[in-house]
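The values are calculated or read from the model by the stated rules, or taken from the named source; none is laboratory data. This structure is a prediction, so every number in the text was calculated from the model and none was measured. Cβ placement follows ideal geometry from the backbone for every residue including glycine, while neighbour counts extend to all protein chains displayed.
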Amino acid sequence: MTLSPVRTQAGPAAGSLLTEAALGRESFLRLVDLAADLKAARREGREVPRLAGKGIALIFEKASTRTRCAFEVAAAQQGAMTTYLGPEGSHIGREESIADTAQVLSRLYDGIEFRGFAHETVEELAEHADVPVWNGLTDQWHPTQMLADVLTIRETVSKELRGVAWTYVGDGRNNVARSILVTGAMLGMDVRIAAPAALQPPQDVQALAAALARASGGRAWVTDDPVHAVTGTDVVYTDVWVSMGEADSVWDDRVSLLREYRVRPELIAASGKPTTRFMHCLPSTHDEHTELGRRVLDRYGLHGAEVTDDVFTSPASDVFQQAENRMHTIKAVIVSALTSPENH
């Protein structure tokens, strides 16, 4: 007798979200449109829960505020339940493989969210799961953040995204910078990354963005000149330089490279546009009200690291609108995945 494998589906289940490029332009924009509709319905008191009886597993290798809360609140408002599996709360990766975990959770839940380190982990999870898998963040990509960011840009800059200039300033190698470059290119935007040569996006990411820009009529480019990058931009975006817990030697190197890439009022003004917006995915080191902020001040004499407090708290700042939009766009992701015909 020949035994057949338990799972016969090839590739991620319908409704999965692993990267922006894999999602594609039209599907990406449909999710943003759905998020806008769901946001309006919630605000106007006419939201209709569509996920009664559904269950979602939330796997977190990394600590989280916005991603965890957004998934839990979005699911609850739509009538679904969630189970949080933190770094120490399960056997995942230690006593049980990712493949086995995927099979177990697929039999208990209707969807799985993963936030962690290696992108290969979420890909393996999706390969072996029979339910949609959603990337809440990996070291390489952050697609749920991009959905929230694009919704925010549509609300604050222009409904028509083609030609909107979106500039990221800082460490261009991280997941947010990579995702901005690829997402902006895919959507036909004029997307720029300003980073020192040692911290620019990998060549394969730049090549992917260039191909997507050619297809969409957009523009994607990388420079080490932050003033050039922000000239004429509609949005200036940055992210933390180093995560909490990193060694002082890492901070010393990063501050040396990025000191001239801090987002200050002068850099915003260099856009030449009084309507230029500021965005940040959070958390942010913008003052001395955190342990990390005090450490940056004491060691480097900087009031704020990647952005100054007067920019972060200015009327041009959309950071908390972005944070709220994480919930609305994540709600769109799970509603779209769990109410589509493929998943009935």
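Assorted remarks:
- Within region 196-210, residues that are touching a residue at least 40 places away in the same chain (Cβ under 8 Å) have Cβ atoms under 9 Å from residues that are of a type in the set (Ser, Thr, Tyr) and assigned to a helix (DSSP H, G or I) in these pairs: 196/261; 199/261, counting only partners at least 6 apart in sequence or on another chain.
- Subset of region 113-135 (residues that are closer than 15 Å to residue 178 by Cα and buried (at least 24 other Cβ atoms within 10 Å of the Cβ)): 135
- Matching residues, region 242-265, being at pLDDT below 95 and not in a helix (DSSP H, G or I): 242, 243, 244, 245, 246, 247
- Scanning region 266-315 for residues that are of a type in the set (A, V, I, L, M) and not in a loop (DSSP other than H, G, I, E, B) yields a count of 9.
- Here residue 159 meets the list (1) in the same structural domain as residue 219 (by TED's automatic domain parsing); (2) touching a residue at least 40 places away in the same chain (Cβ under 8 Å) almost entirely, failing just condition (2).
- With respect to being modelled with pLDDT of 95 or more, acidic (Asp, Glu) and not assigned by TED's automatic domain parsing to the domain that holds residue 320, residue 124 fits the description.
- Residues in region 55-81 that are surrounded by fewer than 20 Cβ atoms within 10 Å (Cβ to Cβ) and more than 19 Å from the chain's Cα centre (by Cα): 55, 76, 77, 79, 81.
- Selection of first residues in region 40-65 that are in the same structural domain as residue 106 (by TED's automatic domain parsing) and of second residues that are part of a strand (DSSP E or B) and among the polar types (S, T, N, Q), restricted to Cβ pairs under 6 Å at least 6 apart or on distinct chains, gives the following pairs, ordered by first then second residue: 56/82; 57/83; 58/82.
- Looking across region 285-299, just one residue is modelled with pLDDT of 95 or more, crowded, with 21+ Cβ neighbours inside 10 Å and out of contact with any strand residue (DSSP E or B) (no Cβ under 6 Å at 6 or more places or on another chain), and that is 285.
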